[in-house]
Amino acid sequence: MATVATASSLIERYDAFLLDAYGVLVDGTGPLPHAAEFVRTLAERSKRRLLLSNDASRTPGQVITRLRGFDILLEDDEVLTSGMMLQPWVAQHGLEGAPAVVLGPEGSRRLATEASLRCVPPDDRSARVVVVCDEAGYDFLPTLEALLTTLIARQGAGEPTALVLPNPDVLYPKLAGAVGLTAGAAACVIERALLARFPDAAPRFDRLGKPHAPIFEAALARVPGPVLMIGDQLETDVAGARAAGIDVALAETGVGRRPPPQATLQPTWILESLEMR
C-alpha cells in the first residue's frame, strides 16, 4: 500500500523528476494549482526535470510555449513527448518517405513530417502507415470510417499497413471533474473494427508512449540517478514507471484515484497536491 507524501518531502528524497503534463501540471483549460511553483522549486533545488508526456498533438516547441504561458518554465531539453518517439520508430522500420494517414491537429502532422513521413488523406489507398496522435484536428466519425475503408481494402489486397499510436491514453482530464476521450480511444475503435473484419489477421498498433517501454527508456537515458515519476493515471504513469523500475507518485490532481489496498498495481507514493508544504 502506497504512503501519502507531500511535495516537499519528495523533493528532498529524489534527485530527478519525470513529470506528467495532463492531470499533474495542466488540464484542458489551463494550469493546475501549485504546478508553476513546484516546477520552479525543482529548479531552485537543482533537481533534474523532464516533462514526460503522452501529448502527440504538439511539437516540443509548442509544448514549451504553452507551458510558459502558464508560468510553468521548462528548458528546450526538459521535454520528452510521445510524439517525439515517432521519428526513431519510423527509422527503425525503414519507413522514411512512406505515405501516412496522420490523425491529429497541425502539430501532429508536423511531427510526422519531421519523422520523414509524407502525410496523405484517410481515403488514400497508397497509405503504408497510420499514425493516431490525437482526437482533435479532424471530423472524428467520417475520418475513422474513411480510414477503416482504406485499411480493410489494403488488408484484403494483401497490402498490410503499419499502425502506430504515439499516445495510448484513452482518457484525459478535460477540466475539473470531467474527462475527454483521446487518441487511445480512436485506436481502440480501429483495432476492434479490423478484428471484426479479419479475426485471424487483424493488425494492431505499436504503442510508443506511457506505459510502454520506448518512452521510459528514452527518459532514463536523459535523466539518470534516483528518479521519481509523478503522474495521475494508474494504467499509464504508474504501470509504466513500475515496469521500468522507477519509483512513482500517483497525483490525485487528475483523473486517477488511489487504488484499494488489495490492488496488485500500487504507486510508491500518493501525492494529494503539488503545494509546497
* Which residues, taken from the stretch 250-277, are within 19 Å of the chain's Cα centre (by Cα), assigned to a loop (DSSP other than H, G, I, E, B) and closer than 18 Å to residue 173 by Cα? -> 252, 253, 254, 255, 256, 257
* To do: Determine if the stretch 75-89 includes at least one residue that is closer than 26 Å to residue 179 by Cβ, under 20 Å from the mean Cα position of the chain (by Cα) and part of a loop (DSSP other than H, G, I, E, B).
  => no
* To do: Out of 232, 237, 247, report the one residue that is acidic (Asp, Glu), surrounded by fewer than 24 Cβ atoms within 10 Å (Cβ to Cβ) and within 22 Å of residue 80 (Cα to Cα).
  => 247
* Quick one: in the stretch 179-195, of everything that is without any contact (Cβ under 8 Å) to a residue 60 or more places away in the chain and over 16 Å from the mean Cα position of the chain (by Cα), which residue is surrounded by the most Cβ atoms within 10 Å (Cβ to Cβ)? => 194
* To do: Could you tell me which numbered condition residue 160 fails, if it satisfies all but one of (1) surrounded by 16 or more Cβ atoms within 10 Å (Cβ to Cβ); (2) in contact with a Pro (Cβ under 8 Å, 6 or more places away or on another chain)?
  => (1)
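Return yes or no: is residue 102 of a type outside the set (Gly, Ala, Ser), within 22 Å of residue 187 (Cα to Cα) and under 20 Å from the mean Cα position of the chain (by Cα)?
Details: of a type outside the set (Gly, Ala, Ser): yes; within 22 Å of residue 187 (Cα to Cα): yes; under 20 Å from the mean Cα position of the chain (by Cα): yes.
Yes: the conditions hold for residue 102.
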* Structure fact -> For residue 225, the lone unmet condition from (1) assigned to a strand (DSSP E or B); (2) on the phi > 0 side of the Ramachandran plot is (1)
* Determine whether the stretch 138-158 contains at least one residue that is in a loop (DSSP other than H, G, I, E, B) and among the charged types (D, E, K, R). => yes
* Say we look at the stretch 196-216 and pick out the residues that are assigned to a helix (DSSP H, G or I) and not small (Gly, Ala, Ser); which of these is surrounded by the most Cβ atoms within 10 Å (Cβ to Cβ)? -> 215
* Just name the residue that is surrounded by the fewest Cβ atoms within 10 Å (Cβ to Cβ) out of those in the stretch 12-38 that are farther than 18 Å from residue 252 by Cβ and among the hydrophobic types (A, V, I, L, M, F, W, C). => 36
* For the stretch 12-23, how many residues meet the condition of being touching a helix residue (DSSP H, G or I) at 6+ places or on another chain (Cβ under 7 Å) and farther than 18 Å from residue 224 by Cβ? -> 1
* Structure fact -> Note: among 23, 28, 104, just one is in the same structural domain as residue 137 (by TED's automatic domain parsing) and either touching a residue at least 24 places away in the same chain (Cβ under 8 Å) or charged (D, E, K, R) (or both), namely 104
* To do: Would you check if there is a residue in the stretch 233-249 being in contact with a helix residue (DSSP H, G or I) (Cβ under 6 Å, 6 or more places away or on another chain), farther than 25 Å from residue 144 by Cβ, in a helix (DSSP H, G or I) and of a type outside the set (Lys, Arg)?
  => yes
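Here are 193, 219: which of them is over 18 Å from residue 56 (Cβ atoms) and in a helix (DSSP H, G or I)?
On the way: 219 fails: over 18 Å from residue 56 (Cβ atoms).
On inspection, the qualifying residue turns out to be 193.
The values are calculated or read from the model by the stated rules, or taken from the named source; none is laboratory data. Since the model is a prediction, treat every value here as computed from it, not as a measurement. All Cβ positions, even for glycine, are placed from backbone atoms using ideal geometry, and neighbour counts span all protein chains on display.
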